[in-house]
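Remarks on the structure that follows.
The values are calculated or read from the model by the stated rules, or taken from the named source; none is laboratory data. All figures in this text were calculated on a predicted structure; none of them were measured in a lab. Backbone-built Cβ (ideal geometry, glycine too); neighbour counts: all protein chains shown. To get the accessible areas, we keep the full protein, side chains included, count just its heavy atoms, and leave off ligands, DNA and RNA. Shrake-Rupley method; radii C 1.70, N 1.55, O 1.52, S 1.80 Å.
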Amino acid sequence: MKNNDWKDRLNIVFSTNPDFKFEEEQENVEEKLPNNKQTLRIELDKRNRKGKSVTLVTGYVGSDDDLAVLAKKLKVQCGSGGSSRCGEILIQGDFRQKINEILLKDGYKTKVI
């Protein structure tokens, strides 16, 4: 059965063509690169954080769900809080060496800055 939900077509005005068929845009899903093909940058950041230091992991290529899974693993292993969005993981505190070891065990290439 075809889903004909009007909420998907809120930005469509009106068509006088009787043969008009509404086509939904396909979302571009980023394919996850294999771990050994990804180079992640690990750096310490203190800017705009009121003197608090955070470990920033950037350069991840993949979906936001895969990024969230990796971020959760790093947060649990470091015993710290953090967040993940837009291809970068933020871990509260200075855990550069520990994160480097964890990522190397998982097969990622890393650069500690």
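Only one of the numbered conditions (1) at pLDDT 90 or above; (2) on the phi > 0 side of the Ramachandran plot is not met by I42, and that is (2).
Determine whether D65 is at pLDDT 80 or above and loosely packed, with under 11 Cβ neighbours inside 10 Å. Yes; evaluated as a whole, the condition is true for this residue. In region 43-54, is there at least one residue being closer than 14 Å to D106 by Cβ and either in contact (Cβ under 8 Å) with a residue 12 or more places away in the chain or of a type in the set (D, E, K, R) (or both)? No, region 43-54 has no match at all. Total residues in region 77-90 satisfying the condition of being within 23 Å of P34 (Cβ to Cβ) and open to solvent by less than 100 Å² (accessible area, probe 1.4 Å): the figure is 5.
For region 91-104, filtered to residues that are over 18 Å from A68 (Cα atoms) and out of contact with any strand residue (DSSP E or B) (no Cβ under 8 Å at 6 or more places or on another chain), the residue that is surrounded by the most Cβ atoms within 10 Å (Cβ to Cβ) is K98. Checking the stated criteria, F14 turns out to be modelled with pLDDT under 85, open to solvent by 70 Å² or more (accessible area, probe 1.4 Å) and more than 16 Å from the chain's Cα centre (by Cα). In region 91-113, the residues that are among the acidic types (D, E) form Cβ pairs under 8 Å with partners that are assigned to a strand (DSSP E or B) and buried (at least 18 other Cβ atoms within 10 Å of the Cβ), at six or more places apart or across chains, as follows: D94/T55.
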